[in-house]
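Participant: Just passing along the structure, written as structure tokens.
Rule-based calculations on the coordinates, nothing more; no lab input. None of the values given here were measured: they were computed from a predicted structure. Methodologically, a virtual Cβ is constructed for each residue, glycine included, from the backbone with ideal geometry; neighbour enumeration extends over all protein chains shown.
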Amino acid sequence: MITEHPADRSGALDVEATETRFLRDKEMPQRIALGTVGLTLALAVASCGDRRQATSRTSVGPRAHAPFHCPATIPNGQAPPGESRNPSDLGNGGLWTLVPVDGKLVITMTRPPPPGTVLGELHRDGSIATKFPWWGSESVGRHLRIIGRRLDSHAKPLRASVAPGLTRAPHFWASTITFATQGCWKVMGTAGTEKLTFVVQVMRG
């Protein structure tokens, strides 16, 4: 039987302690390195998450609206009965009027009006007025009503004054239409059961 002396055990403990410290000191840089790598990866993941959230917030932001296109009415060449043809003729067999050939109603106060414009009134409040001729078939009666609104923005409805219709065939009305502002306007004339609608881009000349 081998007897273990206290001195020998003390030496063994010293060796074990030394080895333990050596291993601990050797593993410490590795642990520090692994901890640094882990922290770097965590920051990278968090950064990616922030970018994804920012991209998501940006993608749901308000979108720019496309410019409004005024669906202006082009003359259809239908002249009222008994009248000579005009490139601006617009009619449906019951009512007729004249509209710009390109859909742009450019109103000026210059006399004589330059080509591509019509004579009218430019008021200080921004409203614009000009005359429109109207014709109606014998069956529509003598009363013409004109209404209209702006399509591309908010504005007061148009105002219209209509002279008493002549009872010859076809009926004829001289009218003055006042547009509250420039813009894209829809106009509708009604006489009896007949209706005629058109759209014009109203502009100051």
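Participant: Can you report the number of residues in the stretch 155-205 which are under 24 Å from residue 79 (Cα atoms) and part of a strand (DSSP E or B)?
Facilitator: 27
Participant: Can you report the number of residues in the stretch 132-153 which are part of a strand (DSSP E or B) and within 14 Å of residue 200 (Cα to Cα)? It would help to see each step written out before you state the result.
Facilitator: Residues of the stretch 132-153 that are part of a strand (DSSP E or B), as a first pass: 132-136, 145-150.
Still in the list and also within 14 Å of residue 200 (Cα to Cα): 132, 147-150.
So the answer is 5.
Participant: Please specify each residue of the stretch 165-177 satisfying the condition of being surrounded by fewer than 17 Cβ atoms within 10 Å (Cβ to Cβ) and out of contact with any Asp or Glu (no Cβ under 7 Å at 6 or more places or on another chain). Give the steps one after another, and end with the answer.
Facilitator: Just the residues of the stretch 165-177 that are surrounded by fewer than 17 Cβ atoms within 10 Å (Cβ to Cβ), to begin with: 166-169, 174, 176.
If the condition is that a residue be surrounded by fewer than 17 Cβ atoms within 10 Å (Cβ to Cβ) and out of contact with any Asp or Glu (no Cβ under 7 Å at 6 or more places or on another chain), then 166, 167, 168, 174, 176 are the ones that fit.
Participant: So in the stretch 178-205, with the set limited to residues that are within 16 Å of residue 131 (Cα to Cα) and of a type in the set (Gly, Ala, Ser), which one is surrounded by the fewest Cβ atoms within 10 Å (Cβ to Cβ)?
Facilitator: 205
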